[in-house]
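The structure appears right after this line, and notes come after that.
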Amino acid sequence: MFFEKIFGKKISETAKESEKNNIQNEDDDFLDPFLLIIEWNENNLQLRGILKSTITNQIEGFLGVTPFRSYDSDHNGNLNLRIRSNSIFLISDAHIIQKHQIAVNIIGHLNRTYFQGANVTLGTVYLVRATRKDVFEISEYNVM
């Protein structure tokens, strides 16, 4: 009770002011995460003796990156983790780095580590960005 009398009004006023100053536009394309999608070349992975898990672990090591997960629900409506993707990753802003820079860093790392020329690529990387509702910008990189 004492806390509410002294601080309660100040906290609620501060929260309202913060909401007013931080109104986000739903059409702002910087709010949604990027999608990093890998189309793997299974033959070249096998020929070069590289495991997908090695590459995906490196990608997941970047700040702001999480693998895409799909869920399904059982007959009781409980959500169950179904698949953890090794081909689709979400890239979100981190506290110290923006998602665009994270994507650039990942693509640069994959290029430096795995690129051996166009004939032996391990796959193609697509970077997908929502620019407006139902409109996407897709960039293609043959970096592996």
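The values are calculated or read from the model by the stated rules, or taken from the named source; none is laboratory data. Model, not experiment: these values are computed from the prediction. A quick note on method: Cβ atoms are made from the backbone with ideal geometry, for glycine too, and the neighbour counts reach across all protein chains shown.
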Practice prompt. Give the residues of the range 120-144 that are acidic (Asp, Glu) and farther than 17 Å from ILE91 by Cβ, sorted by residue number.
Written response: ASP134
Worksheet item: With respect to ASN21, is the statement that it is loosely packed, with under 12 Cβ neighbours inside 10 Å and at pLDDT 60 or above true?
Response: no
Item to complete: Please state which of the following conditions TYR126 fails to meet, knowing it meets all the rest: (1) touching an Asp or Glu at 6+ places or on another chain (Cβ under 7 Å); (2) of a type outside the set (Gly, Ala, Ser); (3) surrounded by fewer than 12 Cβ atoms within 10 Å (Cβ to Cβ).
Response: (3)
Discussion item. Being touching a strand residue (DSSP E or B) at 6+ places or on another chain (Cβ under 7 Å), at pLDDT 90 or above and either polar (S, T, N, Q) or surrounded by 14 or more Cβ atoms within 10 Å (Cβ to Cβ) (or both): is that true of ILE88 here?
Written reply: no
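Test of understanding: among GLN116, GLN101, GLN46, which residue is exposed (fewer than 14 other Cβ atoms within 10 Å of the Cβ) and at pLDDT 90 or above?
On the way: GLN116 fails: at pLDDT 90 or above; GLN101 fails: exposed (fewer than 14 other Cβ atoms within 10 Å of the Cβ).
Exactly one of GLN116, GLN101, GLN46 is exposed (fewer than 14 other Cβ atoms within 10 Å of the Cβ) and at pLDDT 90 or above, namely GLN46.
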